[in-house]
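Each remark here refers to the structure printed beneath this line.
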Amino acid sequence: MEFFARILQAMVPAAWTAAAAAYLLVFRRGDADGERWCRRLAFLAIALNGLLFVAVGLAGRPMVASGGGVLASMAVAVAGVHLALEGRIRTRAIGIFPIGVALVLALCGAGADMLRVPAAPLPKWSTGAHVFGAALAYSGLLLAALYGVLFLLQRRALRARRFGLLLERLPSLELLDQFSWRSLLAAVVFLTLTIGFGHVVGKAPGLGFDYYDPKILFTNLIWLGSLLLTAGRGFKWVRPATSAWGCVILFSFAIGNMVIVEMFSRVHPAY
């Protein structure tokens, strides 16, 4: 099984590269072949990632047991959320950006050995599910910030009347706003489920944690900010540009939570 897992780990980046190349052709030239193959290649990459997850799990190494596994999970989440939105709005013009992010995450994940034996005991299944849910939530925040940045760039270009490839190939401001808001909504849903699941299983013997841990407090603040911004945009209390900036700020806080606050937390130590 380990041999099969290592073959898949080598194939996954190639699949993401092919999908990103097809989306790049669509973005640059509106290529017909790219239009036909980009989504199929992205779904193929997700399927190969799924097989990799299964193979690594059967080899006795849960995905959350390594940083590479978490990055690979985020790549799948980023691409999956985008493909769901893309299927509803039916435009492939900006797929290169989220699929490109998924490619970078997959390449970084492939650089780590997902099959190494952790120095610490392997996490319980509930911890693995909780961490995977957090990866999905943070991927939603990443996409919301990405679409928010594209919205702000296009808005600035329109105001300055600068016409170039980026402006020509990007969809309307309304669609970018919808992409950003719906990604944020997905992040809120996953954060709600992840935090709720954490509070439930945290009461089980051996899984207790401190509710005043800085990571838990900061995560709850990110969830609250995301919820308020999602509601404000949904009820049109917040302008699209303000929402775009809010998504960028929330994702910055999420990065800070993973990089800085993590150092002061005793929850989910690195395995």
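The values are calculated or read from the model by the stated rules, or taken from the named source; none is laboratory data. None of the values given here were measured: they were computed from a predicted structure. Using ideal geometry, Cβ is built from the backbone for each residue, glycine included, and neighbour counts are taken over all protein chains shown. Heavy atoms of the whole protein, side chains included, go into the accessibility calculation; ligands, DNA and RNA do not. Shrake-Rupley method; radii C 1.70, N 1.55, O 1.52, S 1.80 Å.
Here are some conditions: (1) more than 24 Å from the chain's Cα centre (by Cα); (2) over 22 Å from Val238 (Cβ atoms); (3) open to solvent by 40 Å² or more (accessible area, probe 1.4 Å); (4) modelled with pLDDT of 80 or more. Gly206 meets all but one. Which one does it not meet?
(4)
Based on what the data block shows, is Leu217 in a helix (DSSP H, G or I), at pLDDT below 85, closer than 26 Å to Gly148 by Cβ and within 22 Å of the chain's Cα centre (by Cα)?
So Leu217 passes the test.
If I filter the range 65-77 for residues that are part of a helix (DSSP H, G or I) and more than 15 Å from the chain's Cα centre (by Cα), do I get at least one hit?
So far as the range 65-77 goes, yes, one or more of its residues are part of a helix (DSSP H, G or I) and more than 15 Å from the chain's Cα centre (by Cα).
For the range 2-25, state whether one or more residues are at pLDDT below 85, outside any helix (DSSP H, G or I) and open to solvent by less than 50 Å² (accessible area, probe 1.4 Å).
For the range 2-25, residues at pLDDT below 85, outside any helix (DSSP H, G or I) and open to solvent by less than 50 Å² (accessible area, probe 1.4 Å): absent.
If you check every pair at least six apart or on different chains, which have Cβ atoms under 6 Å apart with a residue in the range 42-57 that is at pLDDT 95 or above first and a residue that is polar (S, T, N, Q) second?
Partner pairs satisfying both residue conditions: none exist.
Would a scan of the range 192-203 turn up a residue that is assigned to a helix (DSSP H, G or I), within 20 Å of the chain's Cα centre (by Cα), at pLDDT 90 or above and more than 29 Å from Ala157 (Cβ to Cβ)?
Yes, some residue in the range 192-203 is assigned to a helix (DSSP H, G or I), within 20 Å of the chain's Cα centre (by Cα), at pLDDT 90 or above and more than 29 Å from Ala157 (Cβ to Cβ).
Check whether at least one residue in the range 159-166 is modelled with pLDDT under 70, assigned to a helix (DSSP H, G or I) and open to solvent by 40 Å² or more (accessible area, probe 1.4 Å), and report yes or no.
Yes, the range 159-166 contains at least one residue that is modelled with pLDDT under 70, assigned to a helix (DSSP H, G or I) and open to solvent by 40 Å² or more (accessible area, probe 1.4 Å).
Can you tell me which residue among Arg36, Arg88, Arg92, Arg61 is of a type in the set (Lys, Arg), open to solvent by 10 Å² or more (accessible area, probe 1.4 Å) and modelled with pLDDT of 85 or more?
Criteria check complete, one pass: Arg36.
If the requirement is being open to solvent by 10 Å² or more (accessible area, probe 1.4 Å) and either modelled with pLDDT under 85 or among the hydrophobic types (A, V, I, L, M, F, W, C) (or both), which of these qualifies: Ala72, Ala112?
One residue alone meets the criteria, Ala112.
Among what's in the range 115-148 and is among the β-branched types (Val, Ile, Thr) and either under 20 Å from Lys215 (Cβ atoms) or open to solvent by less than 40 Å² (accessible area, probe 1.4 Å) (or both), pick the residue that is modelled with the highest pLDDT.
Looking at the filtered set, the residue picked out is Val131.
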